[in-house]
């Protein structure tokens, strides 16, 4: 799966959590721009984990600030 | 050290200028000030001037029924427990001034660990200076780099801090969700060490974990299991060993963490285990090694209390009656509760918001009732809760009095 496809699939998963319908680009931040609280993060991460059958540990999550970071992490885990 | 702040001639302004490390607390300071500006008594600054019994104290000048102490079995004023503490003070002095691995292991520490091994019918017991340190120490020491910790998202702060202190990969799952836990365990790379961390009773809502199913799933994946039974010891299970005993899975729990600051009625924490190599932890567990051991009087009171709790079945039965009556009574009054049925000695009353939660807390205090006000971020789903924890020493009449107080306070604040 290439990066664009990973991005598209995560974008679909993010829709129900993006309550304000904020525009999402590579530099969009989860805490700031999307206003995700810790519970939303947990549910969103769980949805991604189930979709791609991967684990994104909290240690990895701590390194993810932007949408681009997230897509990179999932893409890397996919190819690993 | 408050005198120092007012010392004349000190450049006070410089401390609050640019680069003030306290700036991050501004939102919390503002929220607190907003709450107290309404004339509200400070819920987080209560002083107990006198403590009359496990269930009564003089708080902020008022005679008050205590319904938020975790003193489940009412051991704090037990005559045998107090006698044991006094004797230890006389014989061994006020403190050990040393680490358990140096000069801080007295006869009493060993006797306390013996009492725990007997209480749980397990091979090993290790006593820490607090329950917080027990979780911090055991978790950070046994799960290291490359290992995976799979834990419930509603875990206690001491569990999260234990994860943070160690180097393991941390993977949370939705509260009490067996399937979500199963899936996450299934995705862990082959060969990695796995530790599942669960609690018997979750203290915010007072609900219990489906340990029978969860421990079976953990074992299916070859994970070690640690269960924190802080809020169930002495009360749940035939011998008071906890939810894992009641669920019939205590034999599959590799580590049980507990505390002396609830049913046991003093302070301290512990881990019990049947792991054949368990004793090595005494040398490698930093929160065990690099702190002073508990004072002799504390371990003496703990040991005496633990031994009495082994024979506490009548008190356990009365505590269940209290929990069921309070839960049923509050439900009938129209309060929204954390659990549909009484599952532990904690009954959590859900408040519509922090403001009315604080008003209700104060109205109850003025009625002469103390409960815990719990607010985000300590609570799940950002709820504001009035947490009631019952004691085996509450009389049936006291529980009726408590219900009357809740009814009047709830009506005056407009919650029911």
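Just a few scattered comments:
- Value of Rg/Rh across chain A [Cα atoms, Kirkwood radius]: 0.91
- Each listed q (0.08 Å⁻¹) maps to a log10 I(q)/I(0) for the protein assembly as shown from the Debye sum over equal C-alpha point scatterers, namely -0.57.
- Between the range B:284-321 and the range A:1-68, the Cα center-to-center distance that results, in Å: 45 Å
- Ratio Rg/Rh [Cα only; Rh per Kirkwood] for the range B:268-416: 1.09
- Just so you know, the Cα atoms of chain B work out to an Rg and Dmax of 22.3, 67 Å.
- Partner shielding of B:184-194 amounts to 2, given as the average count of beta-carbon atoms from other chains within 10 Å of each residue beta-carbon.
- Part-to-part distance (alpha-carbon centres) for the range B:389-416 and the range B:76-147, which is given in Å: 36 Å
- Residue-span extension gain [residue B:24 to residue B:353] - 0.36 nm each, minus C-alpha spacing: 116.1 nm
- Value of relative contact order over chain A, rounded to a whole percent, pairs C-alpha under 8 Å and six or more apart: 44 percent
- As a rough guide to protection, the peptides B:158-166, B:233-241 ranked by mean Cβ packing within 10 Å, highest first, stand as B:233-241, B:158-166.
- Secondary structure note: in chain B, about 60% of the DSSP beta bridges are antiparallel.
- Cα Rg, Dmax (largest Cα-Cα span) when computed across the range B:341-414, Å: 12.3, 35
- Ordering B:199-212, B:257-270, B:286-299 by mean Cβ neighbour count within 10 Å, with the highest value first, yields B:257-270, B:199-212, B:286-299.
- The range B:329-359 and the range B:182-207 have their alpha-carbon centroids 28 Å apart.
- Between A:14, A:62, A:31, the Gaussian network model of chain A with springs among Cα atoms under 10 angstrom shows the greatest mean-square fluctuation at A:62.
- Comparing B:115, B:374, B:87 in a Gaussian network model of chain B, where Cα atoms under 10 Å apart are tied by springs, the biggest mean-square fluctuation is seen for B:87.
- For the residues B:136, B:67, B:52, a GNM of chain B with alpha-carbon springs under 10 Å puts the largest fluctuation on B:52.
- Over chain B, Cα pairs under 8 Å with separation of 6+ residues give a relative contact order of 21 percent.
- Note: relative contact order over the range B:163-215, using C-alpha pairs below 8 Å and six or more positions apart, is 26 percent.
- In this rough spin-label picture, where each label sits 7 Å from Cα along the Cβ direction, the residue B:187-residue B:366 distance is 5.2 nm.
- Peptide A:40-48 has a mean shielding of 2, counted as Cβ atoms of other protein chains within 10 Å of each residue's Cβ.
- In the protein assembly as shown, the DSSP beta bridges split such that about 60 percent are antiparallel, to the nearest 5.
- D (Stokes-Einstein, µm²/s), Kirkwood Cα radius, the range B:36-130, 1.002 mPa s at 20 °C: 127 µm²/s
- Ranked by the mean number of other Cβ atoms within 10 Å of their residues, highest first, the peptides B:58-64, B:312-318, B:384-390 come out as B:384-390, B:312-318, B:58-64.
- Each of residue B:42 and residue B:103 was given a label point 7 Å from its Cα along the Cα-to-Cβ line. The distance between the two points is 3.9 nm.
Values quoted throughout were computed directly from the atomic coordinates according to the rules given, and no laboratory measurement underlies them. These numbers were taken from a predicted model, which means no experiment stands behind them. For neighbour counting, all protein chains shown are included, and Cβ atoms are generated from backbone atoms with ideal geometry for every residue, glycine included.
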